[in-house]
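Student: Structure in structure tokens, see below.
The values are calculated or read from the model by the stated rules, or taken from the named source; none is laboratory data. Because the structure is predicted, anything quoted here is derived from the model rather than measured. Cβ sites come from the backbone with ideal geometry, for glycine too, and all protein chains shown count toward neighbours.
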Amino acid sequence: MLELRRFTPARVGLERAGNAIGTRELLAFQLAHARARDAVHGPFDTGALATEIEAAGMQTLAVASAARDRPEYLRRPDLGRRLDGASRRAVGETGGPWDVVFVVADGLSPLAVQTQAAALLRAVAERLDRAEWRIGPVAIASQGRVALGDEIGEAMGAALTVMLVGERPGLSAADSMGVYLTWSPRAGRTDAERNCISNIRAEGLSTGAACELLVFLMRESRRRCLSGVALKAGAVPGIIREP
């Protein structure tokens, strides 16, 4: 079991003291749990993130879900999937239609998007031909969940929505970011109608690899006018091989 610990951060082969976990392992577990809690409740500096994204040549728009604060967001997932009234009006005035709208939401780990979203957006923007892709303002959403991108994309007249969101922290990763791609976004879309790129972080899927996969999915989604289970990523060299 100790050999396995060389290859995974999972809690395998733990030291024991009688019938209990050893003190070192217990303290490590408590620290990981504290980091996960801190990630969920951490601050989301939308202004700083907007500055980084705008430095990459993209416009931004600050929006918020119908959840008024973090406690309500955690108790009422449904509110995190809907815009508040002011944001709904704002996104409807962005001058679409757009080929793609990017949404950055804090999700369950503001830390993840705070530290990684701008770099991924910059890398993707450099790969897209602006003559072929009309990119809308990047919506920076507070207290947002994945499905919030459907309402934003629909209101902005987007053919494609790409949602960058902080993933639920685990006991080995508190800074993991996910990306969800949805063709023809609208309220009521299901998870089966999206493509997901998960575990984007320094110790997981790198920004470069995530960019490669995301750009492929975006191009294929637009070419085939679909997303989700019908859109496979196996053709991306060196990243994912599907049977």
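Student: Would you pick out the residues in region 203-231 that are among the polar types (S, T, N, Q) and touching a strand residue (DSSP E or B) at 6+ places or on another chain (Cβ under 6 Å)?
Tutor: Scanning region 203-231 gives SER221, SER227.
Student: Separate question: Does PHE7 fit the bill of being hydrophobic (A, V, I, L, M, F, W, C), surrounded by fewer than 16 Cβ atoms within 10 Å (Cβ to Cβ) and without any contact (Cβ under 8 Å) to a residue 24 or more places away in the chain?
Tutor: So PHE7 passes the test.
Student: Mind counting the residues in region 82-113 that are in a helix (DSSP H, G or I), more than 23 Å from VAL40 (Cα to Cα) and hydrophobic (A, V, I, L, M, F, W, C)?
Tutor: 3
Student: Among the residues of region 140-163, is any of a type in the set (A, V, I, L, M, F, W, C), at pLDDT below 95 and more than 25 Å from ASP78 (Cβ to Cβ)?
Tutor: no
Student: Quick check: is even one residue across region 16-31 in contact with a Ser or Thr (Cβ under 9 Å, 6 or more places away or on another chain) and surrounded by 13 or more Cβ atoms within 10 Å (Cβ to Cβ)?
Tutor: No: zero hits.
Student: Looking only at residues that are touching a helix residue (DSSP H, G or I) at 6+ places or on another chain (Cβ under 9 Å) and closer than 12 Å to VAL124 by Cα in region 198-222, which one is surrounded by the fewest Cβ atoms within 10 Å (Cβ to Cβ)?
Tutor: By that ranking, first place goes to GLY208.
Student: Next question, about the same structure. What are the residues in region 169-187 that are over 17 Å from LEU120 (Cα atoms) and under 10 Å from the mean Cα position of the chain (by Cα), if any?
Tutor: None - no residue of region 169-187 is over 17 Å from LEU120 (Cα atoms) and under 10 Å from the mean Cα position of the chain (by Cα), so the list stays empty.
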